[in-house]
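Accompanying notes for the structure given below.
The numbers here are math on the coordinates, done by the rules we state, and not lab data. Bear in mind that the values here come from a model prediction, so they are computed numbers and not experimental data. Positions of Cβ are generated from backbone atoms using ideal geometry, with glycine treated the same way; all protein chains shown enter the neighbour counts.
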Amino acid sequence: MITANQYLMVGAILFAIGVLGFLTRRNIIVLLMCIELMINGAGLAFVSFCRQMGSLEGQVFVLFAMVIAAVEIAVGLSIILLVFRNRATLDADEMESLKW
Amino acid sequence: MEIIFPAVNIASIAPQLIVATFAILALLVEVFSKSSRLVFATCLVGLFVAFALSFMQWGRGIPYENSLVAVDNYTTFFNALFAIVAIITMLLSLGYVDNTGIDTGKYYPLILFATLGMMLLVSSMDLLLMFLSLELLSISMYVLVGSQRDRWVSSEAAIKYILTGAFASGFLLFGIALVYGATGTISFTKLESLLSGLTGEGLPLLKMGVLLMMVGLGFKIAMVPFHMWAPDVYEGAPTPITGFLSTGSKIAAFALILRLFNNPFNHLFSDWVGILWILAVLSMTIGNVAALLQKNVKRMLAYSSIAHVGYLLVAFIALSTRAMEAVVLYFTLYAIMGLTAFGCITSLTSGEKERLKQEDYTSLGYTQPVQAVILSVCLLSLAGIPLTAGFIGKFYLFSSAVDAGYVGLAVIAVLNSAVSLYYYLGLMLRMYALPGRFAPVEVPVGSPVGKIVLLLLGFSILALGIYPSPLVGVVKGAVTALSAL
Amino acid sequence: MVEATGLFNKLWLVPAIPLGGALFNCLLGRRVSNLVVSIVSCGSIGLAGVMSLLLFNALLKLPPAERHIELSVYNWIFSGDFRVPIDLLLDPLSMAMITMVSWVSFLIHVYSVGYMRKDESFARYFCYLNLFVFFMLLLVLAGNFLVLYIGWEGVGLCSYLLISFWYERHSAASAGLKAFVVTRFGDFFFALGIMLVFVQFKSLYFGEVFPRAHEVLTPAMATWIALLIFGGAIGKSAQVPLHTWLPDAMEAPTPVSALIHAATMVTAGVYLVARCYPIFQLTPTALCIVAIVGLLTAFISASIALVHNDIKRILAYSTVSQLGHMFLGLGVGAPTAAIFHLLTHAFAKALLFLGSGAVIQALHEEMDIRRMGALKGYIPSTCWTFLIGALAMAGIPGFAGFFSKDAILHATFVNGGMLSWLIMIVTASFTAFYCFRLFFNTFFGEKRWDSHVEHVEHPTQVMTIPLILLAGLAAFGGYMGVPHALGGADKISSFLAPVFPPAHHTDGGSPSKALEIILMAVTSLVALGGIGLAYFFYIVPGGRETPGRLQQTLSGVYKFLSNGWYFDKVYQVVFVEPFLKAADFFWQAVDNSVIDMAVRGLAGFILRCGEVVPKLQLGLVRWYALSMVVGAVIIGYFYLR
Amino acid sequence: MENLFFYIAAMLAIVSASSVILQRKVMYSVLSLIVTLLSVAWMYAMLSAPFLAVVQVILYAGAIMVLFLFVVMMLKYEKTETFRFRPGLLWCLGLVAAIAFLIEIVLPLNMTESLAPAATALAPGFGSIKSLGSILYTQYLLPIELTGILLLVAVVGVALLSGVKKE
């Protein structure tokens, strides 16, 4: 029998994959996508907890998290466009004029 | 199935509603009128009304059984504080934004939206509202940081801020999920009643959740080791926004942490003491040491603001009423000092040329006396010299830590303050270094409005250093609401 | 203890109004005309003066036992049970002080408007001056040691700023520094004393310290505290051996010398000892030391004043000497006489300084009395007011200084012994002599001006009127304390009596009226003798050669005196040079090895960290994210363990 | 049967998520992410959250990913692909840290330790539009309104950043 706990594990793994990607990739679009992975991992955790406890608040939370994700992506992509227009690059490692 | 709409008490969130309404109104004004002055005026009026409303709300708390929003003195105090911070930020931006290629018609409403986020963040009594208002605050800030489209540093700061910020809010979200899973609720009041009965080792699930939430919130307040974004973003952001970010945003998140650990997570705090002890030491030390040799003044102040988070943590660890008073008092004083410091840099901008390097400040006392005097007062206050606001603030912070038995921590904090003198006074002495044979002649810069605001700020730094009692009284009132829950 | 009510609730206005004036002049002074600056600064002090008169009136209406009003303005810091309140205390002592301070300051402010009219830094000057008055009023109104200390340091700061007011002059800058360092030396002891008080009483509040002093303190502890506090007073009031800064402080503009270095700030030490009298009374040792220091100072500096030629330095030494009188009064158990002398001396000395200011300006910055003379015909109003000041200072019967000095001398005779009384009689003759040496040399005789003085500059009206008013005070101010022996009521003593418990002092009722009258007669005769000698030396034709001859025959003494008893030289040889040598030695021997490694090593290490730590900010997003994750992992490891 | 569905969905999600971070070409990453999102939607459906599953497909996989694709295609293709894979010190540290983090968060994940009691049976209509809607528009009215403001901020922000100006 599959319990909600296993869904939770999948959520955690998705989240960790997102973290891993964020730490290792350099393309800023991919970085944004890694954040999406993290949010989805968290969403899966929420929904599995809902299933377990029979409460709806977690699902509501996920709904709002999706909106947040959409907003973050919209603003994030427009900043990426801005960056690309300025420097014609998507390499996060090249954005290091601010340091030390 | 019949749906019963909740009775909405509009009056209880009147300041927040006013800010939101006027922000939207300002956007409409921007669409239908060509005048960015009108947008500015609308936003300013909205903030003033919000301030007045929160002033009237003082002392009239509304009990919250199931409400998402806390209406108590704590909230009201911060509503007023954020309104003032936003007003000052707007007034200081005047003149600066016009010269640096910022779309003012959207810049000012976004400041209001960010303020709304701060207000709701401090007043939220529910993890959902907390998360949403934190995001509202963050997203407005991402845009504001990147609003100087023609300057690369601004764009770079924005992309760094949004990437790390979204990363951190991912942690926050996952943390909330775990807390929700461990307790089955997202309401602060229910969390508190559930957790107050908790004994023994505690739940790993819950602890993990709180840890991940602290990662997200620690990012917001720029606490070591989640601080790394701060110097870059502070340096790259438009200077008035840097001030806004280092005061408003940081204070809002910290005020929320205060509420979290005073109410819902109060029983988990004992595990955090040791960790926060180390983080406080690290924040102070890394902040101060990194600021020592900074060539860029904005970056130096950014590091110093990390150090100030450390000072705040020193008292926060005590978590007594007295310590909370000290922390909230320091919020206010730090808001004034931070706004003054970055305001002076803003005001020293001539055209597109900003004074960012230490060298630009040599002999400033003779060429731009007004800003130099105010900045000196502000630096003295940041360093904690007696008869300035900073001394009072630090005295309260450290004495409450000593009072709670954290003598070692207080000693480290005092030593750190001593180290910080090096760079604060260094900048100040540089400003009063005698000019060379040919004293530079300069036209005074800075908008008159900005100068008046700065003068008022500088004056209030001194006034609060000499006569802090009224503010302390108000802060005491605000903190009682926090512990009365 | 009486809680402040009614008018007394407004007590805080007395210091606050000058502060407001200072702020105005500091912020807007350069924007507005000099007229506005003068009106604001003089007006604020005048208001404070009116306020103090109103308070005086109100205080007099209270029965003497209730003349002790405390006002806690606000709590500067109150954190938990730790409180630092800003307390004010109004009792006859502080009442007398604020009335004197505010009115003398007012007159000097008015005078300054005329004196400084041509100075570029007009607003800066008045900003400092108002600030000084604020701190001085705060000092005398303080209700606890901390507020007193704030005022104490504040007046010191203003004094330093005003001494080096003309900071372009090297001598002014170095004199300011000297005053700062020397008084700070005394302040160090004072601060130690305050700490000791706090340790002993767990409070700094006058109302808790003084009434309980005789219960809490052992005699030895009382001696220690009293001596430490007296250390502060020695520095501030320029007593031997820390008196050397005051003559140098004459680099300040003359009205400043009148206000700060004659009438008010330097008397703060006297006020302090008087304020802490309940502690001093417990310890005959300390009182004895106070008396000895006062006696020595009075004599030594009066003798130095005999031979100096710089008009302001003569007055400065005279001030030091008169302060010595006051300390002697305190030491021999006559605090009311000391305070009485403080007041009359303030009037007379302010008058003399302002007069000398008019003289200096008349002769275009000439300060050497050998190059003056015959000014009577040119600036008569200054001359006659100066005469009144000199008479008051010399202690001629009828003038203010006579009564107060007599009270001190009488107490000295009764309590201090014959020898000290004799020394004081000699000092009195010195005083009369140098006052009139100054007076005759300046205003009489033939013109000895430098050729560059083409015309004598006349003092303006705003300068003359304060002179006349002060002359009135110097002439008639003494009548507030006519002793019983002369059929007077001695109002000042009975007014101040509630502050000083009568059991321990003897200056009230005299044992024998006849003795007192005899003593007075002796003093007066000696003073008249001094004047006569000065008249013979400097006015009688042919007398002029006598000083020169004396100078030659007694050249050793003359040199000794004109070098100020070699105090500065001795300091140079005994303290400064060995210190420098020792420092040099340590620099060579120790610094290179131990201290260098410790201090520079630590500082260098921190600075090195300052280079390294920011390098951790690689500027890379993923590095920042990595630090967050690693942080989370490490914190989690300890947290979840 | 349910087991099988779960394993397929979980495998799909994990594999496609790994693909997101492993693909060199951004376009492939985007497509992999769409697969992940769809498989997450699948799991939502299996976890009695049908409404969320639908929203996930429409809003996430539909709208947001289209935005991604749009941006990826708008930017010059070669510019998004040029940098090569260079596993440096940072990369290795990132890998270690992420794995350590995974271990740390997976270890405490055990629902049975929750303070809230496990539901024996779900209410009928759990997770439906109706049940969610009735809680959204009563208890969470304020957050809904706030969401509106958030979207407005996004619009204004994008307009500010991309330089939409009045003529």
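Okay, here's what the table says:
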quantity	calculated
Label zone at C:Val482, where the point sits 7 Å out along the Cα-to-Cβ direction: segment C:521-558 residues whose backbone N lies under 20 Å	C:521-525
Alpha-carbon Rg/Rh ratio, for chain D, with Rh computed the Kirkwood way	1.03
Relative contact order [Cα under 8 Å, 6+ residues apart], segment C:67-166, whole percent	26 percent
Helix runs (DSSP H) in chain D reaching 24 Å along axis by Cα, Kyte-Doolittle at least 0.0	D:2-22, D:26-46, D:89-106, D:141-162
Derived scalar couplings ³J(HN,Hα) [segment C:257-268; Karplus, 6.51 cos²θ - 1.76 cosθ + 1.60; whole Hz; x for Gly, Pro]	4, 5, 6, 8, 9, 9, 8, 10, 4, 5, 7, 4
Computed [θ] at 222 nm, helices only, for chain C once each DSSP H run of length n ≥ 4 contributes -39500 (n - 2.57)	-21500 deg cm²/dmol
Cα long-axis angle, helix C:418-443 against chain C (0 to 90 degrees, to the nearest 10)	80 degrees
Neighbour net charge for B:Val327 - beta-carbon separation under 15 angstrom, K R +1, D E -1	+3
Degrees between helix B:14-32 axis and first principal axis of chain B (Cα, 0 to 90, nearest 10)	50 degrees
Normalised contact order of chain C, rounded percent, pairs of Cα under 8 Å and 6 or more residues apart	12 percent
For segment B:129-188 and segment A:22-49, distance of Cα centres in Å	13 Å
Cβ-derived FRET efficiency at R0 60 Å, D:Leu151 paired with B:Val443, nearest 0.05	0.85
B:Ser350-C:Val540 pseudo-label distance in nm [points 7 Å out on the Cα-to-Cβ vector]	7.4 nm
Zone of C:Ile518's modelled label, taken as backbone nitrogen in segment C:404-438 under 16 Å from a point 7 Å along Cα→Cβ	C:410-415, C:417-419, C:421-422
Residue-averaged beta-carbon neighbours from other chains (10 angstrom radius) around B:149-158	6
Cut-off 10 Å between beta-carbons: net charge of the residues surrounding B:Ser155, Lys and Arg +1, Asp and Glu -1	+3
Point-to-point label distance, D:Ile14-D:Cys92, nm (Cα→Cβ direction, 7 Å offset)	2.7 nm
Relative contact order of segment C:109-201, defined on C-alpha pairs under 8 angstrom at six or more residues apart (%)	19 percent
Separation of the C:Tyr566 and C:His170 label points, Cα + 7 Å toward Cβ, nm	2.7 nm
Residue exposure sequence - B:Tyr432, B:Tyr330, C:Tyr637 - by fewest surrounding Cβ within 10 Å	C:Tyr637, B:Tyr432, B:Tyr330
Calculated FRET efficiency for the pair C:Leu157/B:Ile452, C-beta based, R₀ 30 Å, to 0.05	0.60
Cα convex hull volume per residue for the protein assembly as shown (Å³)	196 Å³
Interchain or long-range residues, amide H under 5 Å from C:Asn75's placed H	C:Ile86
Average other protein chain Cβ within 10 Å of Cβ, residues D:20-33	4
Volume in Å³ per residue [convex hull over Cα atoms, computed for chain B]	139 Å³
Average other protein chain Cβ within 10 Å of Cβ, residues D:49-55	4
For segment B:51-190: span of alpha carbons on each principal axis (Å, largest first)	50, 38, 17
Residue exposure sequence - B:Phe167, A:Phe15, D:Phe126, C:Phe399 - by fewest surrounding Cβ within 10 Å	D:Phe126, C:Phe399, B:Phe167, A:Phe15
